[in-house]
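Novice: I have a structure here, written as structure tokens, and I will follow up with some questions on it.
The values are calculated or read from the model by the stated rules, or taken from the named source; none is laboratory data. This is a predicted model, so every value here is computed, not measured. Please note: Cβ atoms are built from the backbone with ideal geometry, for glycine as well, and neighbour counts cover all protein chains shown.
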Amino acid sequence: MNLPNKITVVRMVMIPFFIAALLIDFPYHEPIAAALFIIASLTDSLDGYLARSRNLVTDFGKFMDPLADKLLVCSALICFVQLGSVPAWMVIIIIAREFAITGLRSLAAADGIIIAASKWGKAKTISQMIAIILILFNNWPFSLLSIPMADIMMVVATLLTLYSGIDYLILNKKVFRSM
């Protein structure tokens, strides 16, 4: 297993620790959860950079890297619903889009078509991670100015999630024609 794939696996292993730090009340659990999420989020950029720059792109990485991202983001959002930090309808939209696009990619792969990440898909992921980090930090530093930036970013993330999902479906309608 190459280094980028090991980093992806480490990100996946971090998820249960992040969830435990977020949901179990112990001293400093919130900053620990935030630190784990930020580190896990940064490993996404690191493994992708290493894979591309060192020509270490593998089928394992193509499959597991986006899965690790989805698991990390969805885990955080589901925990936020439990904690009352995010409305369930936003999380349902985000998770539904992830299932739909993963299904689309699976259908396409069965026909030998690779659906690469789009700029909207990348923007969606970045906006989701920023929103989650703001929520983890209780909207700091924007809370000092009474600006609900975490809420604003969750709306942006939800809208980008919807838009990127629709964009993927429209750009890849040929997958449905082959069924």
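Novice: If we only count helices (runs of 4 or more DSSP H) wholly inside the range 43-156, which ones have 2 or more residues that are among the hydroxyl-bearing types (S, T, Y)? Give the derivation first.
Specialist: Numbers: elements: 59-83, 88-110, 119-136.
Helices (runs of 4 or more DSSP H) meeting the threshold: 88-110, 119-136.
Novice: Of the conditions (1) in contact (Cβ under 8 Å) with a residue 60 or more places away in the chain; (2) more than 13 Å from the chain's Cα centre (by Cα), P16 fails just one. Which one is it?
Specialist: (1)
Novice: Also, quick follow-up: Just to check your reading of the model, which residue among I39, I15, I92 is surrounded by 15 or more Cβ atoms within 10 Å (Cβ to Cβ) and modelled with pLDDT of 95 or more?
Specialist: Working: I39 fails: surrounded by 15 or more Cβ atoms within 10 Å (Cβ to Cβ); I92 fails: surrounded by 15 or more Cβ atoms within 10 Å (Cβ to Cβ).
Just one listed residue meets the conditions, I15.
Novice: Separate question: Please state which of the following conditions L159 fails to meet, knowing it meets all the rest: (1) crowded, with 20+ Cβ neighbours inside 10 Å; (2) outside the structural domain of A33 (by TED's automatic domain parsing); (3) at pLDDT 95 or above.
Specialist: It fails just one condition, (1).
Novice: Would you check which residues across the range 58-72 are modelled with pLDDT under 90 and not hydroxyl-bearing (S, T, Y) and list them? I'd like the intermediate steps shown before the answer.
Specialist: Our first condition is that a residue be modelled with pLDDT under 90; within the range 58-72, this holds for 58-67.
Those that are modelled with pLDDT under 90 and not hydroxyl-bearing (S, T, Y): D59, F60, G61, K62, F63, M64, D65, P66, L67.
Condition check ((1) out of contact with any helix residue (DSSP H, G or I) (no Cβ under 6 Å at 6 or more places or on another chain); (2) within 20 Å of D47 (Cα to Cα); (3) crowded, with 19+ Cβ neighbours inside 10 Å; (4) outside the structural domain of M14 (by TED's automatic domain parsing)) across all residues:
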| residue | (1), (2), (3), (4) |
| --- | --- |
| L77 | no, no, yes, no |
| A110 | yes, no, no, yes |
| I132 | no, no, yes, yes |
| L144 | yes, no, no, yes |
| M153 | no, no, yes, yes |
| K174 | yes, no, no, yes |
